[in-house]
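Taking it in order: structure first as structure tokens, then the write-up.
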Amino acid sequence: MADDVACRYLGEALHVEAAMTFTLAPGVEPSVAAAYPDTAEVRTIARQLLERGLQIGEEHFFVEYVEGVGYVASMVIQPLDLPRLNQLSGQGRVMIYAREVPFEAADRLLLDRARDALVALWPHAERSIQARQAQEWVRETVEDTRMTERELQVLGLLAEGLLATSIASRLRLSPRTVHKHLGNIYRKLGVHDRLVAVSLARLQGLVDTYPQSPTSPVREQVG
């Protein structure tokens, strides 16, 4: 993801001992999105910086010396359309790079030049984190469902765009039994319709088929 790339490659270019990215979101405490190298020591530094409060200055750039950590360069990355006032209350990232020796003018120039690219990457990083969180939620949800083999069969046919009557014919079941399985599937996934159920199933990898005919979930509703 973009956060990992920014941590690793800018961290290597700056010859730092630790690089980390913190997420910013309205009304939510900043949290670690990525760390490089991703070790317990670097995660401990990240927690220390969070506990003392992230520091940023004018022009989205700030350098300070932190006892026990070293010289710390911080840079805030936010969409261009956000106001610059009260920066930490908006959305975006705080990129932090720490090393034992001071940062020089060339380092500042490198970060200044990288900032435009990072601003462009920010929306992609945000979507990447949201997708990862969604995948984790789906994984936990499905692991707790204990879905039966028959229910998985019904779900797979549902993903192909088949109606309840067609599923019943394919599996040699009664439509009433298929509806019962569908009800169990929706309940276990915590959803109320086939579109969401199929989307969650695909995201988790329970099904991998995509409708190719007019009888897709977008066109039909289970009767």
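The values are calculated or read from the model by the stated rules, or taken from the named source; none is laboratory data. Note that the structure is a prediction, hence the values are computed from the model and not measured. Note: ideal-geometry Cβ built from the backbone for every residue, glycine included; neighbour counts use all protein chains shown.
Observations on the model:
- Residues of region 67-93 satisfying the condition of being within 13 Å of F103 (Cβ to Cβ) and at pLDDT 85 or above: G70, Y71, V72, A73, S74
- Test: residue in region 19-36 that is within 18 Å of R108 (Cβ to Cβ) and surrounded by 13 or more Cβ atoms within 10 Å (Cβ to Cβ): yes
- Residue check for T39: at pLDDT 90 or above, among the hydroxyl-bearing types (S, T, Y) and out of contact with any Cys (no Cβ under 6 Å at 6 or more places or on another chain): yes
- Where L14 falls short, out of the listed (1) at pLDDT 90 or above; (2) surrounded by fewer than 17 Cβ atoms within 10 Å (Cβ to Cβ): (2)
- A count restricted to region 149-206 and to residues that are more than 25 Å from the chain's Cα centre (by Cα), in contact (Cβ under 8 Å) with a residue 12 or more places away in the chain, assigned to a loop (DSSP other than H, G, I, E, B) and surrounded by fewer than 17 Cβ atoms within 10 Å (Cβ to Cβ) stands at 0.
- Test: V28 is among the β-branched types (V, I, T), touching a residue at least 12 places away in the same chain (Cβ under 8 Å) and closer than 14 Å to V94 by Cβ: no
- Residue check for A19: modelled with pLDDT of 90 or more, within 23 Å of V101 (Cα to Cα), hydrophobic (A, V, I, L, M, F, W, C) and assigned to a helix (DSSP H, G or I): no
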